[in-house]
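Written below as structure tokens is the structure these notes are about.
The values are calculated or read from the model by the stated rules, or taken from the named source; none is laboratory data. Fair warning: this is a prediction, and the values are worked out from it, not measured in the lab. A quick note on method: Cβ atoms are made from the backbone with ideal geometry, for glycine too, and the neighbour counts reach across all protein chains shown. In case anyone asks, the SASA skips ligands and DNA or RNA and just uses the protein heavy atoms, side chains included. Shrake-Rupley method; radii C 1.70, N 1.55, O 1.52, S 1.80 Å.
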Amino acid sequence: MTFGEQPAYLRVAGDLRKKIVDGQLPPHTRLPSQARIREEYGVSDTVALEARKVLMAEGLVEGRSGSGTYVRERPVPRRVARSGFRPERGATPFRQEQADVGVRGTWESSSEQAEASASIAQRLGVDTGDRVMRTKYLFREAGEPMMLSTSWEPLALTGRTPVMLPEEGPLGGMGVVERMRAIDVIVDNVTEEVGARPGLAEELMLLGGVPGHVVLVIQRTYFASGRPVETADVVIPADRYRAAYHLPVK
């Protein structure tokens, strides 16, 4: 193989990808069998198998037990509002966006006390093993799962206060900025780091994805005078949603 020449399995995958994108292989169409690919492209079984694996890893096709491999429906990505968006009425960005576009958004949450792992302790500026309040969320849009979030808050800050449980009490569900203000902690900065990776099995099970699907992972941390007061991991299916940032100009 000369420099710049693609391996055979990538050439086959590229041609099949083009047929999917162009509509020659529309959604729910069965992908040509391994034997058909081998015959049509004049390649080995190994090359045909690897080409199919590429398309599956890209999320273009999915396997159905006992039936074969089919072209997946390609959803039109929706936006998910992120930091910098300061909604009125004290709602979180997710809640406000759902109201603005008239979509019936719902969420489930559960909170429990836990010990800070080494990575979470570093993000919160506390010691490993310190007590934190961990809250897990599953957000739905029109009944379909669309986003996961796990947040951690140091109990040294919120413990024994009315805002110790993020989704309960007089300010339950009002967002970090408003809740912290209620205990005289003024949030003045938020950072987000965005990355992508294959979704974990338990994440994809909750989000309705299949093994190999890519997710966006947003690490968010709120600060008050340089002190981290909350950090969270937000997980979003990359094939269905885009993170939309509304950043004010000062």
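Where in region 211-250 are there strands (runs of 3 or more DSSP E), lying fully within it, with 2 or more residues that are touching a residue at least 12 places away in the same chain (Cβ under 8 Å), buried (at least 16 other Cβ atoms within 10 Å of the Cβ) and touching a helix residue (DSSP H, G or I) at 6+ places or on another chain (Cβ under 9 Å)?
Working: elements: 214-224, 227-237, 241-244.
Once the strands (runs of 3 or more DSSP E) in region 211-250 are filtered for at least 2 residues that are touching a residue at least 12 places away in the same chain (Cβ under 8 Å), buried (at least 16 other Cβ atoms within 10 Å of the Cβ) and touching a helix residue (DSSP H, G or I) at 6+ places or on another chain (Cβ under 9 Å), what remains is 214-224, 227-237.
Filter region 22-31 for residues that are more than 12 Å from Leu55 (Cα to Cα) and out of contact with any helix residue (DSSP H, G or I) (no Cβ under 6 Å at 6 or more places or on another chain) and give the result. Give the derivation first.
Initially, region 22-31 is screened for residues more than 12 Å from Leu55 (Cα to Cα), giving 22-30.
Those that are more than 12 Å from Leu55 (Cα to Cα) and out of contact with any helix residue (DSSP H, G or I) (no Cβ under 6 Å at 6 or more places or on another chain): Asp22, Gly23, Gln24, Pro26, Pro27, His28, Thr29, Arg30.
Six or more apart or on different chains, Cβ atoms under 8 Å: show the pairs whose first residue is in region 59-88 and in a strand (DSSP E or B) and modelled with pLDDT under 80 and whose second is among the small types (Gly, Ala, Ser) and open to solvent by 60 Å² or more (accessible area, probe 1.4 Å).
none
Take region 182-192 and flag every residue that is surrounded by fewer than 17 Cβ atoms within 10 Å (Cβ to Cβ) and either of a type in the set (A, V, I, L, M) or modelled with pLDDT of 95 or more (or both).
Within region 182-192, the subset surrounded by fewer than 17 Cβ atoms within 10 Å (Cβ to Cβ) is 182-184, 186, 188-192.
Ala182, Ile183, Asp184, Ile186, Val190, listed by residue number.
What single numbered condition from (1) open to solvent by less than 50 Å² (accessible area, probe 1.4 Å); (2) in a loop (DSSP other than H, G, I, E, B); (3) in contact with a Lys or Arg (Cβ under 7 Å, 6 or more places away or on another chain) fails to hold for Pro27?
Result: Pro27 fails condition (1) only.
Tally time: how many residues in region 195-210 are in contact with a helix residue (DSSP H, G or I) (Cβ under 9 Å, 6 or more places away or on another chain) and open to solvent by 40 Å² or more (accessible area, probe 1.4 Å)?
Narrowing region 195-210 to residues in contact with a helix residue (DSSP H, G or I) (Cβ under 9 Å, 6 or more places away or on another chain): 198-199, 209-210.
After this cut, where a residue has to be open to solvent by 40 Å² or more (accessible area, probe 1.4 Å) as well, the list is 198, 210.
Residues meeting the conditions: 2.
Tally up the residues in region 39-51 that are open to solvent by 40 Å² or more (accessible area, probe 1.4 Å) and either closer than 16 Å to Arg17 by Cα or not in a helix (DSSP H, G or I) (or both), please.
We begin by selecting, within region 39-51, every residue open to solvent by 40 Å² or more (accessible area, probe 1.4 Å); these are 39-42, 44-46, 49-50.
Right, trim to either closer than 16 Å to Arg17 by Cα or not in a helix (DSSP H, G or I) (or both) and you get 40-42, 44, 49-50.
Of the residues in region 39-51, 6 are open to solvent by 40 Å² or more (accessible area, probe 1.4 Å) and either closer than 16 Å to Arg17 by Cα or not in a helix (DSSP H, G or I) (or both).
Please find, within region 127-181, the residue that is most open to solvent (accessible area, probe 1.4 Å) out of those that are in a loop (DSSP other than H, G, I, E, B), within 26 Å of Leu216 (Cβ to Cβ) and free of Cβ contacts under 8 Å to residues at least 40 places away in the same chain. Outline the logic, then answer.
Let us first name the residues in region 127-181 that are in a loop (DSSP other than H, G, I, E, B), namely 127-130, 142-143, 159-175.
Cutting the leftovers down to within 26 Å of Leu216 (Cβ to Cβ) gives us 142-143, 166-167, 173-175.
Applying the additional criterion that residues be free of Cβ contacts under 8 Å to residues at least 40 places away in the same chain yields 142-143.
Details: Ala142: 78, Gly143: 45 Å².
Residue satisfying both the conditions and the ranking: Ala142.
For region 1-24, name all the residues that are open to solvent by 70 Å² or more (accessible area, probe 1.4 Å) and either assigned to a helix (DSSP H, G or I) or acidic (Asp, Glu) (or both).
Listed by number, the residues that qualify are Glu5, Tyr9, Arg11, Arg17, Lys18, Val21, Asp22.
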